[in-house]
Amino acid sequence: MSKRNYYPQGYLGKIAYHAIKGNVDKVVYFTNRHVETYGPMTTEDLQITKRLMKDLSKEYKLIG
């Protein structure tokens, strides 16, 4: 059985999604999970999260 990495960017996608949706408690939860699993958030992690948030906000403007 192969071991898959279901979160190739850790929990950054979930953090970005819930930040866009305004779910502060979920942002805190997934940030803590990311830190527990992968270590402290790096500058690169923050940049990726910002990019994901930007992409998601564009996507949601197109949808609704």
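Just so it is clear, none of the values below were taken in a lab; they were calculated from the coordinates. Owing to the predicted nature of the structure, the values given are computational and were not obtained by experimental measurement. Cβ sites come from the backbone with ideal geometry, for glycine too, and all protein chains shown count toward neighbours.
With Cβ to Cβ distances under 10 Å as the rule, what net charge do the other residues near residue 15 carry (K, R +1; D, E -1)? Don't skip to the answer; put the middle values down first.
Numbers: positive: 14, 26, 33; negative: 45.
For residues surrounding residue 15, the net value is +2.
Placing unit charges on C-beta atoms (Lys and Arg positive, Asp and Glu negative, everything else neutral), compute the dipole magnitude of the stretch 12-63 about its Cα centre in debye, rounded to 20.
Values: 9 positive and 6 negative charges, 51 e Å.
It works out to roughly 240 debye.
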Using the count of nearby Cβ atoms within 10 Å as a rough guide to exposure, how do 11, 60 rank from fewest to most? 60, 11
